[in-house]
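Everything on this sheet refers to the single structure shown next.
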Amino acid sequence: MTPDSDVLKSRSDFIKKTAGNAGFDYCGIARARRLDEQEQNLREYLSENRHGQMSYMENHFEKRLDPRKLVPGAKSVISLMYNYYPRDFFPADAEYKISRYALGKDYHFVVKDRMRQLVAAMQAELGEFGFRVFTDSAPVLERAWALEAGLGWQGKNTMLINLKHGSYFFLAEIILDMELEYDRPLKKDFCGSCHRCLDACPTAALTAYNIDASKCISYLTIENRQEQIPEKFRGDYSEWVFGCDICQEVCPWNKFSKEHDEPEFMPHPDLLKMTPLQWEELSPEQYRELFRKNPVKRTKYSGLKRNIDFLNDQNL
């Protein structure tokens, strides 16, 4: 039996208020269903090998499209946005930079902790329910669900852009077997005729609303497992040794970004002051100290050194 609309609204209002108390900037809710409209795009992305070496994206095709295969009996998908835009960043003329999302503690730990707090508060108020929490950690089409929940629109750089505060957000989801009141997607694309992100991408990884990850600097410096970055990219980019923020930096909507207030995302006090020589002579011990519990651990010391050496050789 479906609860009446007042009950559904009350549940959703409580969840959104509690999400804010847990540190999430935005919360939207969508009905759990198969995302049929995403199927063709996903098939093309994989068949054209735009996912590069990320072979895990070829797995669990149906689970990516249908959250009910991840959580039996799922009725709702709660989409959440957690701000990571930092107050301090590398100087504009820095020779080596890492992406803003990777300055502090790994977001997988931080955001999941906040989601567990949220779920505990929900169960205390709404009763027990079946659920799973996700943040870039399972076959979930995060941006598609954020779109479905009305949290923003997909920009030409493929990022989820929020109308009030831009795109410097982590996305997360709670899939649960409880019916709720559902939000509606935005009806308008607010990118308009702007193409700054397409023009700024130094490796031509972007076409409007599509990305070839195998050309993306973030992919090349993180997910790429080759011992050397392919020579064809030499001279195409500089500065970025882990990730890349170029397509977000040039986006006009990010002038509305607000600074986060998450202590866990604060960088190591020495990180933003490192000289080029310190980067180039970085030792394994220094690496472990600077990036303890940090996303940069994903590329390992050898991968970070590869990226630094590639830029250093490029600039000689």
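The values are calculated or read from the model by the stated rules, or taken from the named source; none is laboratory data. Remember, predicted model here, so these are calculated numbers, not experimental data. Cβ sites come from the backbone with ideal geometry, for glycine too, and all protein chains shown count toward neighbours. To get the accessible areas, we keep the full protein, side chains included, count just its heavy atoms, and leave off ligands, DNA and RNA. Shrake-Rupley method; radii C 1.70, N 1.55, O 1.52, S 1.80 Å.
Which chymotrypsin sites (Phe, Trp or Tyr not before Pro) in region 126-196 pass both tests, a DSSP loop state and at most 14 other beta-carbon atoms within 10 Å?
Within region 126-196, the qualifying chymotrypsin sites (Phe, Trp or Tyr not before Pro) (loop, at most 14 other Cβ atoms within 10 Å) are F190.
When you take every Cα atom in region 126-193, what is the radius of gyration, and what is Dmax, the widest Cα pair distance, in Å?
Final numbers for Rg and Dmax: 13.6, 48 Å.
Please identify which residues in region 18-37 have an amide N closer than 16 Å to a label point set 7 Å out from the Cα of A124, following the Cα→Cβ vector.
Residues 18-23 qualify, since their backbone N sits under 16 Å from the label point.
For region 181-232, what ratio Rg/Rh do Cα atoms give with a Kirkwood hydrodynamic radius?
1.16
Could you work out the Kirkwood radius for the chain, taking every pair of different alpha carbons, averaging 1/r and inverting it, reported in Å?
For the chain, the Kirkwood estimate is 20.8 Å.
Tally Lys and Arg at +1 and Asp and Glu at -1 over the other residues with C-beta under 12 Å from the C-beta of E95: what net charge comes out?
Summing Lys and Arg as +1 and Asp and Glu as -1 gives -2.
Under a straight-distance cross-link criterion of Cα-Cα below 29 Å, which lysines are reachable from K297, leaving out those fewer than 8 residues away in the same chain?
Those lysines meeting the cut-off are K63, K97, K105, K112, K215, K232, K258, K273, K305.
Quick check: with the 1.4 Å probe, what order do L103, L272 take by accessible area, largest first?
Greatest to least solvent exposure: L272, L103.
Per residue Cα convex hull volume for region 65-201, in cubic angstrom?
Once divided by residue count, the hull of region 65-201 is 142 Å³.
Where does the Debye-calculated log10 I(q)/I(0) of region 154-203 sit at q = 0.28 Å⁻¹, using only Cα point scatterers of equal weight, no solvent?
With no solvent term, the Cα-only Debye profile gives -1.24.
Only helical DSSP H runs with n ≥ 4 go in: add -39500 (n - 2.57) per run for the chain, normalise by residue count and round the 222 nm mean residue ellipticity to 500 deg cm²/dmol.
-8500 deg cm²/dmol
Gain in length, K17 to F109, computed as 0.36 nm per residue apart minus the alpha-carbon separation, to one decimal in nm?
Extending this stretch completely gives an extra 30.9 nm.
Direction-averaged shadow area of the convex hull around the Cα atoms of region 137-267, nm²?
Here the figure is 10.3 nm², rounded to one decimal.
What are the lysines whose alpha-carbon lies under 23 Å from the alpha-carbon of K9, with same-chain residues fewer than 8 places away excluded?
Leaving aside lysines fewer than 8 places away in the same chain, those within reach of K9 are K17, K75, K187.
Please state the equivalent ellipsoid semi-axes for region 221-316: what are the square roots of 5 times the Cα gyration tensor eigenvalues, largest first, in whole Å?
Rounded to whole Å, the semi-axes are 23, 20, 13.
Suppose all protein chains stay in the model; what accessible area per residue would a 1.4 Å probe give for the chain, in Å²?
Dividing the accessible area of the chain by its residue count gives 49 Å².
How about the chain: what cysteines have no other cysteine beta carbon under 4.7 Å from their own?
Result for the chain is C27, C191, C194, C201, C216, C244, C251, no neighbouring Cys Cβ within the cutoff.
May I ask you to give the percent of accessible area on the chain that is carbon plus sulfur, with a probe radius of 1.4 Å?
That share works out to 48 percent.
What's the local net charge at K164, with K and R +1, D and E -1, over the other residues with C-beta under 10 Å away?
0
Modelling each spin label as a point 7 Å along the Cα-to-Cβ direction, I'd like the N312/N210 distance in nm, to one decimal.
3.9 nm
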